[in-house]
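Nothing in this text is a laboratory measurement; each read-out follows from the coordinates by a stated rule. Note that the structure is predicted; figures quoted are calculated from it, not measured. Methodologically, a virtual Cβ is constructed for each residue, glycine included, from the backbone with ideal geometry; neighbour enumeration extends over all protein chains shown.
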Amino acid sequence: MASNRDGSAIYCRTDVGGAFRWSPDPGDPQGNGTWISISDYMVPFGTPDADKLMGVESIATDSSNLDRVYVGAGNKIFVSDDQGSTWTEILSGLSMQPNSGSTRFLGERLAVDPNDPNTIWYGSVKDGLQKGVKSAGTWSWSTVPSSSVPFGVPSSVGVDYGVTFVICDANGGSTITYAGVFDPGSSPTTGGVYRTTDGTNWTKVSMSSGSFNTPRRAQISSNGTLYITGGGEGVFKLPRGGSISAITPSVSDPYFNGVAVDPNDSTGNIVYVADKASKKLWRSVDGGANWSEQSSYNGTREEPDGTPTLNGYWFGNTSSLLINPADSNELWLSDFFGVARTRDAQNLGGSGSTWYMLQHGQDETVVMDILNAPTGPRLVTALADVTGFYYYDTSVRPTGADGGKLTNPSGANTTSLDFSEADHDVWVRAWHGNHGNGSGGYSSDAGQSWLLFGQIAQQNIDSGAAGWESWDLSTYLASQQAKGVSTVTLVIASDSATNFTSAHVAFSSNEAADSSLRPQLVINGATGSPYAATADAFVVGSSSNKGNNFGTSDLLKVSHTYTTNTTSDHQVYMKFDLSAMPTIRSATLKLHRLSASEGIEYRVGVFACADTTWTETGITWNNRPLTYASSNSSRNPFAEPRYKTGTGVSLAGGRVAASSTDPDKLVWLPVGTSNRAFYSHDRGVTWTQSTGGPNSEITGVYTNGNSTDISGQPIAADRVNGDFYMANFGSSEHKIYKSTDDGATWTLASSITNGWTYNMRTPQIVAAPASPSNPSGGDVWVCDDSDYNHNAGGLWRSTDGAATWSKLSGVTKVSAVSFGKSSSGTGYAVYIYGKVGSELGVYQSEDYGATWTQLADPTIARFSVLAGDRQNANSVFLGTDGRGVFQY
């Protein structure tokens, strides 16, 4: 973060979302406002590699000019004299890593000489320290020799840190410039802080004791004292003309990044630092001799409108701190999830500072998919890292118990979304986790709650007086019975309960003395002995009980440990004989819960399990079979879910589609596990590999590999008749496959000659809604964004269920196609992101592609996906690779 001299402009930079300037609302006493992008139009739309400028590696202001700001973005340096409204490029060709590992948290790498605004410095990750001098309106650049300021060395994980910061001390008119060099290598190391008093001759600053090799950030106080953070090495200070000494706060696992000083403190003793590992902020008023702290567990955190903050985690990986020069008690903080501000920083460590999250206008997210149905939420988003959100009003931030976030899980990379035309409340999604896990989910309430693939049902259970709890198993048990399955295993597990307690919730078992309280499976409204469990038991994950059997207990216990171990985990296993039951039309599992202390809410789910060979008196934690939703780590299926078929094959990510005629039926093309699609007829509880189809794995891209995971869209559900389509993109033709039996089998329907397509990024097959000319479906579109040999790419349409195709003239290199509500009230509007003629842009057609209208371009960020608005005419949603979602 950075501010101009008087604090009237506050700036922040992001790794993939560009740079922003804060615009306060002058009529709001709480200081609410919005962030304004200053990078959306750094260069004209369509400029080659323009989207790379959304990765901003450094930002700096000029103390001699309130309106001047510099950024290092992409591989260039730009300057603006109007607070970011317009830009001029002054250097290109540098190596930058704005979104690479820990380097994005370092800086600032840009510095303007406070005594000579025509001199600026840039510390690069690979190319050493750069010096820029402006003369007669022209900038000239030189590299400081590595013998004067070393270039730094790569870290042990292969990331180049280089010159991590540059900062200037005005020093009464005689500038002192400092540069941090990152070199964690063995002795002799070049890492440390370097200093020059004439801009030419540099020396490494000595240490009063010890060593310091990995400087990360630095701030200069009003008396010339330099405060420096060094990650795990701690916190340091350097008095003007002196040597470096450690002033690290006492913390067991130090990892310091952010640092700020009070520019209005003439003593130079007020300093703030942030520790990533402990998620704490530290404040010192005596130059680091003593520290007070505030952790993420004290103080308060709210939105500017006074509502509690629902998303993100507090002080998580804090990268930057800033004191507003206009108010010494106004401390700004940027971390992994955005920007926060307190106006009572003086209370940090005492009564605690009150923090407000300031995210309005700064939706710095990578969008993997977006969609809306004709009814229900205005929009559902699939995002990298933070899962996604559902919106009933796109003009306000998401609200609800989880902030409108897609849950179960609530932290993952959602790669695909779809809904069923037969029931707009039914949504499905696929996702990849950040730790190798992955799966998908099913929602029957338009995205408000989700069941994991492999999970049958879920209930939130409040503790307190004893009572009956129930789970609907109708679809799953009926589908298993229809397959001829005679015996099923159900596993009951809990996610983290209120306040992360590991206390168990207990139910009566088959061995309960009172037979009326024993588990009941209600089939078609009836109960009785034919429907009772043939076996039930619970298993315990504690080290002393892992090998013990609890099959004869009169209780069934469920709990989950909110740690990396399984000390207090309890899971229940139940077995039922379906062959003894009539044809299942409805099925409800009922368990009698014992009374418990009030105030605890448990999320308890029922999961399916392929193994039915376990015995009531033999099952233990050590030999228990895993559910379809359990990973190999033997954890709770809620904790590290990864869908595993009955044969042990893992499925994750990719693309998923829902039938337009039966919301129970789904098709999934996961990533990297098989050369076939999978289908489910029980809402994603069990998946079976399809037959037929292509002989090699469908990746969605011929030359790029696994973009099924993110960008390519090789499957689609017909929006009317229940068929499914699948495309094998690339080579000399796109091969289109079709399934008319809900994804079970596939046959080659046709091929599209594409002029030898290479280097595609987001080819798609997308089915259109019903129209007057195609009321029974079969209206399918394919787009291809290849530019190979100027002879490939384009947009094709089939109106006979993918049997034949017509290429739309004048349209080339199309990255996305989608459909929205028509302004005429019948049929649909077509939206594309691509080239009509030679002009790249977003286009709308109301006559199925015969003519096109180009829409305005909202940003230079790359559009990754788009979704026509099915609820409103002349409206489309645009998803980007870092600037969130735009709406026309």
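Placing a pseudo-label 7 Å from each Cα along the Cα-to-Cβ vector at GLU511 and SER542 gives an inter-label distance of 1.7 nm. Look at the Cα gyration tensor of region 456-627: its axes a ≥ b ≥ c give a/c of at least 1.5 with a/b over b/c, and that counts as prolate. A straight line joining the Cα centroids of region 785-829 and region 39-100 runs 35 Å.
Viscosity 1.306 mPa s, temperature 10 °C: give me the Stokes-Einstein translational D for region 783-832 in µm²/s, with Rh taken as the Kirkwood radius over C-alpha pairs. D, rounded to a whole number, is 131 µm²/s.
For TYR11, the shell of other residues with beta-carbons less than 11 Å away shows a net charge of +1, using +1 for Lys and Arg and -1 for Asp and Glu.
Would you please classify the overall shape of the chain from the alpha carbon gyration tensor, given that a ≥ b ≥ c denote the square roots of the eigenvalues, rounded means a/c under 1.5, and beyond that prolate means a/b larger than b/c while oblate covers the rest? Oblate, because a/c is 1.5 or more while a/b does not exceed b/c.
Distance cut-off 27 Å, Cα to Cα: go down the list LYS52/LYS738; LYS557/LYS665; LYS279/LYS405 and report the pairs above it. The pairs that break the limit, which is 27 Å between Cα atoms, are LYS52/LYS738; LYS557/LYS665.
Other residues with beta-carbon under 9 Å from the beta-carbon of THR375 carry, at +1 per Lys or Arg and -1 per Asp or Glu, a net charge of 0.
Taking label points 7 Å from Cα along the Cα-to-Cβ direction, SER595 and TRP141 give a separation of 7.6 nm. Estimated from helices alone, the mean residue ellipticity of the chain at 222 nm is -500 deg cm²/dmol (sum of -39500 (n - 2.57) over DSSP H runs with n ≥ 4, per residue).
In terms of its C-alpha gyration tensor, region 442-485 has an oblate overall shape, because the principal axis ratio a/c (a ≥ b ≥ c, square roots of the eigenvalues) is not below 1.5 and a/b does not outweigh b/c.
Partner aspartates and glutamates whose Cα lies under 15 Å from the Cα of LYS76, excluding those fewer than 8 positions away in the same chain, are identified as ASP15, ASP49, ASP51, GLU57, GLU89, ASP127. Arranged from fewest to most other beta-carbon atoms within 10 Å of their beta carbon, ILE584, ILE90 become ILE90, ILE584. Its relative contact order, with pairs defined as Cα atoms under 8 Å and 6+ residues apart, puts the chain at 8 percent. With the highest mean first, a sort of the peptides 464-471, 235-242, 496-503, 264-271 on other beta-carbon atoms found within 10 angstrom per residue produces 235-242, 264-271, 496-503, 464-471.
Taking the Cβ of ALA829 as the center, what net charge do the other residues with Cβ under 11 Å away carry, scoring Lys and Arg +1 and Asp and Glu -1? Here the count lands on -1. Approximating the spin labels as points 7 Å out from Cα along Cα→Cβ, the THR487-to-THR612 distance works out to 0.7 nm. Taking other Cβ atoms within 10 Å as a rough exposure proxy, THR826, THR566 sort from fewest to most as THR826, THR566. Packing-based ranking of 775-785, 244-254 yields 775-785, 244-254, ordered from highest to lowest mean Cβ neighbour count within 10 Å.
Cβ crowding within 10 Å ranks GLU364, GLU598 as GLU598, GLU364, fewest other Cβ atoms first.
One decimal place: the segment LYS126-THR34 gains 29.6 nm when fully extended, by the rule 0.36 nm per residue minus the C-alpha distance. When you restrict to C-alpha pairs under 8 Å that are six or more residues apart and normalise by the size of region 1-136, the relative contact order lands at 18 percent. Relative contact order of region 456-627, taken over Cα pairs closer than 8 Å and 6 or more residues apart, is 41 percent.
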